[in-house]
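Notes to accompany the following structure.
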Amino acid sequence: MSAGALAHDHHHDSESTDVFGFWLYILTDCILFASLFATYLVLNHPDAYGPAFKEHVNLAYVLWETFLLLGSNFTFGLSVLSLNKGKLAMTQFWLVLTFILGAGFVGMEINEFVALAHEGFHWQASGAASAFFTLVGTHGLHVSFGLLWILITIFQLPIFKVSQIMKRRIIYLGLFWNFLDIVWIFLFSIVYLMGAV
Amino acid sequence: MQPDYGTGEKKLSVYIFGLFLCVVLTLIPFGAVMYPDLSDAKTFIVIMVSATLQFLVQVVCFLRLNYSTEQAKMNVMSFILSIFILFVVVAGSLWIMYTLNYRMMH
């Protein structure tokens, strides 16, 4: 093996380690969400003081939010496929669509929070309400940062073109974006659906 | 050559299949709660089973976790460790708080 090929291999190794490091960050973020879930579950029991979440939950609305986030994950997958095929414009197109769907999700969530607060289920109403807004809000904040990241990627694509650096960056973003949808599965199941039963 | 990230090969067919399963596994629990037909306990089981299945579908079809290369194995192992920690944090908190409640009330 020539020295050049060896250096090349070494470069690949360090890239794999980079992605693994980002994966470990995602896993620690999972643990952050686990502690917020634990807080919510402990504070939100049937005899707890404060307004009942059950009377304020609008499941049809949450179902639309879920489909927006799921759809944005799918369009993100399509953008990765386009990038791997070397189609720059298509990659950008799918990323823009991902951004629109994700922004729709965040917009709906903000609207929902405002409506809840007007109905009396606000941040200071009870321990359960505080835990609810912290848990769902932390997820919403993550999605908002993801949106910013998608926007940056859309503008980076014409600069770096279809290159190894873009392929690696889109893998980071993909891990992050998919992780947020996975957290949302447990949010709608545990917080909204179980809260509405 | 693409460096090995252990994130698996991306395929359109797998994405579409995953999306279809996720939509079904979302509609089932929402339907069970919005049109109540079962007892509360059974509805809880439907919600938890659907959530777990959708979680697995997303991990396999979208995250593409697999066990084919060294790097992929590292990803899976760290993933299992974090699920274990997650379980300890959530189940442990609930266990402590409920026994605390029991000991103070009885």
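Couplings for the range A:90-104, taken from phi via the Karplus curve 6.51 cos²θ - 1.76 cosθ + 1.60 with θ = phi - 60°, read 5, 4, 5, 4, 5, 5, 4, 4, 4, 4, 4, 4, x, 5, x Hz in order; Gly and Pro are left as x. If you average 1/r over all unlike Cα pairs in chain A and invert the result, what Kirkwood radius do you get in angstrom? Here the Kirkwood hydrodynamic radius works out to 18.6 Å. Using C-alpha pairs under 8 Å with a sequence gap of at least 6, the mean separation divided by the residue count of chain B gives a relative contact order of 35 percent. Kindly express, to the nearest 10 degrees and within the range 0 to 90, the angle between helix B:40-57's C-alpha long axis and the longest C-alpha principal axis of chain B. The helix B:40-57 is inclined about 20 degrees to chain B. With 50 Å² as the minimum drop in accessible area between chain alone and full protein complex (1.4 Å probe), the qualifying residues in the range A:13-28 are A:Ser16, A:Phe20, A:Trp23, A:Leu27. Sparsely packed loop sites in the range A:30-93 (the trypsin sites (Lys or Arg not before Pro) outside DSSP H, G, I, E and B with at most 14 other Cβ atoms within 10 Å) comprise A:Lys85. In the context of the full set of protein chains, the range B:1-102 has a per residue accessible area of 59 Å² (1.4 Å probe). Under 5 Å between amide hydrogens, built in the peptide plane, is the criterion, and for B:Tyr5 it picks out nothing among residues at least 5 positions away or on other chains.
Interface between chains B and A: roughly 4300 Å² of accessible area buried, both sides summed (probe 1.4 Å, protein heavy atoms only). Is the C-alpha gyration tensor of chain B telling us rounded, prolate or oblate? Criteria: a/c under 1.5 is rounded; beyond that, a/b larger than b/c is prolate, otherwise oblate. Note, shape of chain B comes out oblate. Here the accessible area is traced with a 1.4 Å probe on the protein chains. For the protein assembly as shown, carbon and sulfur cover 71 percent of it. For B:Thr26, neighbours were defined as the other residues whose beta-carbon sits under 12 Å from its Cβ, and their charges (Lys and Arg +1, Asp and Glu -1) total -2. Burial of accessible area (probe 1.4 Å, heavy atoms of protein chains only) in the range A:168-197, relative to its chain alone, reaches at least 40 Å² for A:Ile171, A:Asn178, A:Ile182, A:Ile185, A:Phe186, A:Phe188, A:Leu193, A:Met194, A:Val197.
In the context of the full set of protein chains, chain A has a per residue accessible area of 43 Å² (1.4 Å probe).
Compared with its chain on its own, the range B:17-49 contains the following residues whose accessible area drops by 40 Å² or more in the full protein assembly (probe 1.4 Å; ligands, DNA and RNA excluded): B:Leu19, B:Thr26, B:Phe30, B:Val33, B:Met34, B:Phe44, B:Ile47, B:Met48. Taking every C-alpha pair closer than 8 Å and separated by at least 6 residues, the mean separation divided by the residue count of chain A gives a relative contact order of 32 percent.
The values are calculated or read from the model by the stated rules, or taken from the named source; none is laboratory data. This structure is a prediction, so every number in the text was calculated from the model and none was measured. Here the Cβ is made from the backbone with ideal geometry for all residues, glycine too, and neighbour counts use every protein chain on show. In case anyone asks, the SASA skips ligands and DNA or RNA and just uses the protein heavy atoms, side chains included. Shrake-Rupley method; radii C 1.70, N 1.55, O 1.52, S 1.80 Å.
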